[in-house]
Amino acid sequence: MNDKIYNVLFLCTGNSARSIMAEVILQRLGQGRFVAHSAGSHPTGRVHPMAIELLKRFNHPTDPLRSKDWAEFATDDAPAMDFVFTVCDNAAGEVCPVWPGQPMSAHWPFPDPAHFDGAEAEKRALFADVYGQIHNRVSIFVSLPMASLDRLALQKRLDEIGKTLPESA
C-alpha cells in the first residue's frame, strides 16, 4: 500500500478558471491522497465569477480560492511538487520556474472559458463543458496506480519498454 500524499500543481496563465477548477476537482476526487494547488504565470488576481458560480453549484468549497502567482510555489519553503500540469497552451509554452522536488509534468490543454467571446449562456455552457473535461482527466489521473508512477518505478517501466523494441527502432 502506498501511503504517500502527492502534491500537485495546476498551472495556467491567469489562474482564474481552468487551473482553479482542476485544483478543487482533484481535492475532492483525490480523497486525501493528493494536495492540489493552482497558480498562474500572470495571475489575474481574482477567480472568474462564472468559475465560482459553477464550483458552488457542484458543492465545491470556494472561500479559500484565490488567483496565485506560480512564484509562490518555486520558493525554498514551498511544498515539493510531485506533479505539475499545465492546463493552457500559453503556460505550457512559457519558461517555468524550477520546481522544488523535480516533479513529473504533463500538458493537459483545455479551452479557455474565461476568454470566450459570446453570449452569456454560451459562456456558461463552455465553463460547464471545460469543468466536465477537467473532471474526466482528473478522474483518470486519480485512478492510476500511483506506486507505478514513482520515479524509480516509472524509469524501470521505461527501461523494460525500451528493451522490448527492435534494435532498429
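Taken together, the values in this text are just the output of simple stated rules run on the coordinates, not laboratory data. What you see is a predicted model; the values in this text were computed from it and never measured. Because the Cβ atoms are built from the backbone with ideal geometry, glycine has one as well, and the counts that use them run over all protein chains shown.
With neighbour counts taken as other beta-carbon atoms within 10 Å, the residues THR62, THR13 rank, fewest first, as THR62, THR13.
Please work out the C-alpha center-to-center distance from region 53-70 to region 9-47 and express it in whole Å. Here the answer is 9 Å between Cα centres.
In what sequence do VAL24, VAL98 fall when counting other Cβ within 10 Å, fewest first?
Neighbour counts put them in this order, fewest first: VAL98, VAL24.
Each of ILE52, ILE20 has some number of other Cβ atoms within 10 Å of its Cβ, and from fewest to most they run ILE52, ILE20.
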